[in-house]
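Notes to accompany the following structure.
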Amino acid sequence: MGNKYLDCAALTVAIIGAVNWGLIGLFRFDLVAFIFGDMTWLSRIVYSLVGLCGLYLLTFYMNIFDRTE
């Protein structure tokens with residue numbers, strides 16, 4: 001049951017990161033840098049968390065392929 005909350009949290013953080021990349025690509029607007037400053041320790045933590053959550057979400061592929069239908 002604890003994994004469900006971790007999965008939801010990781011997915012939420014990854015979606016926030018994806019939206020930020022969309023803003024960068026479309027409007028050259030970095031929301032994380034706007035809120036936390038350009039490459040401050042806090043913004044680096046946010047970027048690192050997004051990256052770690054993305055890596056964690058790779059495990060979702062294992063769950064997809066492990067299901068028996």
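Read-outs: derived from the displayed coordinates by stated rules, not from any lab. Quantities reported herein were computed from a predicted structural model and do not represent experimental measurements. Cβ coordinates were reconstructed from backbone atoms using ideal geometry, including for glycine residues, and neighbour counts include every protein chain displayed.
I'd like to verify a number: residues in the stretch 2-57 that are on the phi > 0 side of the Ramachandran plot and among the aliphatic types (A, V, I, L, M), how many?
Residues in the stretch 2-57 being on the phi > 0 side of the Ramachandran plot and among the aliphatic types (A, V, I, L, M): 1 in total.
Considering each of 54, 25, 37 in turn, give the residue that is exposed (fewer than 12 other Cβ atoms within 10 Å of the Cβ) and among the small types (Gly, Ala, Ser).
Result of the check over 54, 25, 37: 25.
If you go through the stretch 9-42 one residue at a time, how many are more than 13 Å from the chain's Cα centre (by Cα) and either part of a helix (DSSP H, G or I) or closer than 22 Å to residue 60 by Cβ (or both)?
Going through the stretch 9-42 one residue at a time, the tally reaches 12.
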